[in-house]
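Beneath this line is the structure, given in C-alpha cells, with notes to follow.
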Amino acid sequence: MSAAAAVAAGQPLVVANFAEWRAAARDLLIHAVAPELVTWSQPGAPDLLAADLFSGAPAPAEPTHNGSIGLDQPRPAPHLPRSLMDMLQTAACCRMPDRWAFLYRVIWRWTQGEHDVQSAADADGARLHSMVKAVRREEHDMHAYIRFRERPEQAGPPRFVAWFEPRHDVLPQVAEHFVNRMGNVSWMIATPDASVLWDGHTLHNAGPLMSSAAELDDAGEALWLTYYRSIFNPARLNTQVMQSHIPSRFWKNLPEGAIVPEMITNAALGARRTGQAQAVGRKSGATIPIAPADAQPERQQPSKLDECRRCDLWQYATQAVGGEGSKKAPIMLVGEQPGDQEDLAGHPFVGPAGKLLDKVFDAAGVERREIYLTNAVKHFKWEPRGKRRLHKTPAQREIEACHYWLDKELASIKPKVVVALGATALKSVLGSGSVTLKDKLGKPILHEGRWVVTVYHPSYILRVPDEETKREAFKVMVDGLKLAHELLSRPPEEPPA
C-alpha cells in the first residue's frame with residue numbers, strides 16, 4: 001500500500017530510515033496530502049545509510065484508493081533544491097520524536113511556494129538549521145572523542161575497538177571518516193543502538209554488540225596515563241576551560257577520565273602552588289661533594305598520617321590507611337599495604353584478603369578483636385590496567401620511608417608478638433631489605449625484645465591456582481597464628497637452634 005493510500009485509510013506511516021521517509025514523502029506530495037493529515041511513526045532506531053536523494057526520481061506506480069480525505073489527483077513529482085535536500089538528510093539524523101513529521105512539513109511548505117522555510121529567520125527554518133548544527137556537532141565530537149582500544153593480535157579481528165554513546169544517528173557518516181583515516185587495519189565502533197565493523201576492505205553494519213566501555217581493556221592505556229600525568233601542570237589548571245573544551249558526558253569513556261578528578265583534587269590541595277617549584281628542583285645542576293646525611297635539612301616529622309609526604313605514594317592513593325585494633329593487643333599483625341578496597345574504605349583488611357584472614361583466625365581459634373592489624377606501607381601502590389587498579393609491590397625506599405609509622409605503632413601498642421604477613425612486612429619489621437621469606441617462614445625470631453613470626457600473606461593464597469598449594473599455605477598461616485598465641489607465655493629469649 002502506498003503512503004497516500006495508507007493516509008486515506010487512516011493508517012499511520014511507519015518509516016525506519018531516511019530512504020523510507022523519502023519514498024513516502026514523494027508519494028504524499030504527488031497526491032497533495034497536507035502535513036496535518038499524516039501521522040508518522042517510527043519502529044526503532046533509524047539506519048540512515050541512504051545516499052540518493054529523491055529530487056527528480058521517477059514516481060511510483062499509482063495506487064487505487066478512495067478520496068474520502070479529499071486527496072487531489074496525482075501531479076508531477078516536485079523538484080527540490082539540492083541545498084534543501086542536503087539539509088533534510090542531515091537533519092534526519094537528529095533524534096527528535098517528530099522529525100519525520102517536521103521534515104515533511106518543511107518540504108510541503110516549499111512546494112506551496114514558501115521558500116523562506118529554508119531561512120534561519122523562519123521558525124521552521126530556524127529549527128531545521130538547529131537540527132543540522134546539532135548533527136554536525138555530534139559528528140565532530142565523535143571524531144574527536146572516540147578512543148580506540150587495541151586488542152591482542154592473537155584475538156583476531158577487529159584489531160581496534162571503540163565505544164561511543166552518540167546523541168544523534170551519526171554512526172554511518174563517522175564510520176566513513178575512519179575508513180579513510182585507518183586504512184586496511186580492522187576496527188569496530190560500537191554504540192548502544194548499532195555497530196560498524198571494518199575488515200580492511202568492506203564496511204559492515206550490525207546491531208548492538210556491546211553494552212558499555214567496561215567491556216574494553218587495553219594494556220597500552222597504562223603508558224598513555226603515565227604520559228598524561230607527566231604533561232599535567234597543576235600550576236596552570238583551569239577547570240572551567242577544561243570543562244568547556246570537553247563536555248562532561250565524554251569523560252566517563254575516556255581513559256584519562258579516571259585520573260583527572262584525582263589530579264584536580266591534588267591541585268586544589270597544594271600541588272598547584274608547589275608544582276613549578278618541584279619541577280625546578282628536579283632540574284640537573286652541578287654536583288657538590290658532600291655526605292648525603294650532611295646535605296639533609298632539618299625537617300619537622302609529620303604528626304598525622306594523613307599529612308605524610310615521606311614518599312610519593314600519597315599522590316596516587318585515595319587516603320592513608322592506619323592500623324586498627326585494641327590499643328593493648330599482645331599480638332600485632334603486619335601486612336604489606338592496603339589494597340584497592342582498603343584504600344577506598346580507609347580500614348585495613350576489609351577486602352578479599354581480609355575475608356580470608358578471618359577464616360585463618362577462626363581456624364586458629366584467635367579473635368580478630370584481640371589483634372592489632374596494620375600494614376608496613378600505609379598508602380596503596382597500584383598501576384592502572386584498563387579501568388582497574390592492580391596492586392604493585394612497594395619499593396624498599398617506600399618501605400623504609402613508612403617504617404617511621406610502624407615504629408610509632410610498635411611503641412604505642414607494645415605487642416609481645418608480631419606476625420609478619422609476607423616478605424614486605426618481614427623486611428619492614430626487621431628493618432632489613434636482605435631477608436627472605438623462605439628462610440624465616442614459620443620460625444620464631446627474637447627481635448628488639450619481642451617475638452616475630454612470619455607467615456604467608458593471604459593474597460598469596462588467593463593468587464596461587466593449585467589447590468594443594470593453597471591448603472599448605474593456609475595451614476602455614478593457621479600454625480603461625482597458633483604459634484604466636486603460644487609465644488605470649490614464653491619469656492623473651494633466643495629460641496633453641
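The values are calculated or read from the model by the stated rules, or taken from the named source; none is laboratory data. Note that this is a predicted model, so its numbers are computed, not measured. Positions of Cβ are generated from backbone atoms using ideal geometry, with glycine treated the same way; all protein chains shown enter the neighbour counts. Remember, those area values only see protein heavy atoms, side chains included, never the ligands or the DNA or RNA. Shrake-Rupley method; radii C 1.70, N 1.55, O 1.52, S 1.80 Å.
Loop-resident trypsin sites (Lys or Arg not before Pro) (DSSP state other than H, G, I, E or B) in the stretch 298-406 with no more than 15 further Cβ atoms inside 10 Å of their Cβ: 299, 304, 309, 327, 328, 387, 392. Using Cα centres only, tell me the gap between the stretch 462-481 and the stretch 143-191 in whole Å. After rounding, the separation between the Cα centres reads 46 Å. For residue 9 and residue 235, a Förster radius of 56 Å and the Cβ-Cβ distance give a FRET efficiency of 0.20, rounded to the nearest 0.05. Full extension of the chain segment joining residue 225 with residue 137 gains 28.9 nm, where the gain is 0.36 nm per residue of separation less the Cα-Cα distance. Counting every alpha-carbon pair across the stretch 354-407, the share separated by more than 13 Å comes to 70%. A straight chain from residue 260 to residue 436 at 0.36 nm per residue would run longer than the Cα-Cα distance by 59.5 nm.
Computed over the stretch 421-477, the Cα gyration tensor eigenvalues convert (square root of 5λ each) into semi-axes of 23, 12, 8 Å, ordered from largest to smallest. In this structure the stretch 380-497 gives 53 Å² per residue of accessible area when probed at 1.4 Å with all protein chains present. Just the number, please: Stokes-Einstein D of the stretch 103-144 in µm²/s, Kirkwood Rh from C-alpha pairs, 37 °C, 0.692 mPa s. It diffuses with D of about 298 µm²/s by this estimate.
Think of a 1.4 Å ball rolled over the protein heavy atoms: the stretch 81-127 then has 42 Å² of accessible area per residue.
The label-point distance for residue 327 and residue 395, in a model that sets each label 7 Å from Cα toward Cβ, rounds to 3.7 nm. The Rg/Rh ratio of the stretch 347-497, with Rg taken over Cα atoms and Rh as the Kirkwood radius over Cα pairs, comes to 0.95. Label sites at residue 177 and residue 127, each approximated as a point 7 angstrom past Cα along Cα to Cβ, lie 2.7 nm apart. Here the stretch 196-218 is scanned for amide nitrogen atoms under 13 Å from the site 7 Å beyond the Cα of residue 16 along Cα-to-Cβ, giving 206-208.
Applying 0.36 nm per residue to the separation of residue 36 and residue 369 and subtracting their alpha-carbon distance, the gain on full extension is 112.3 nm.
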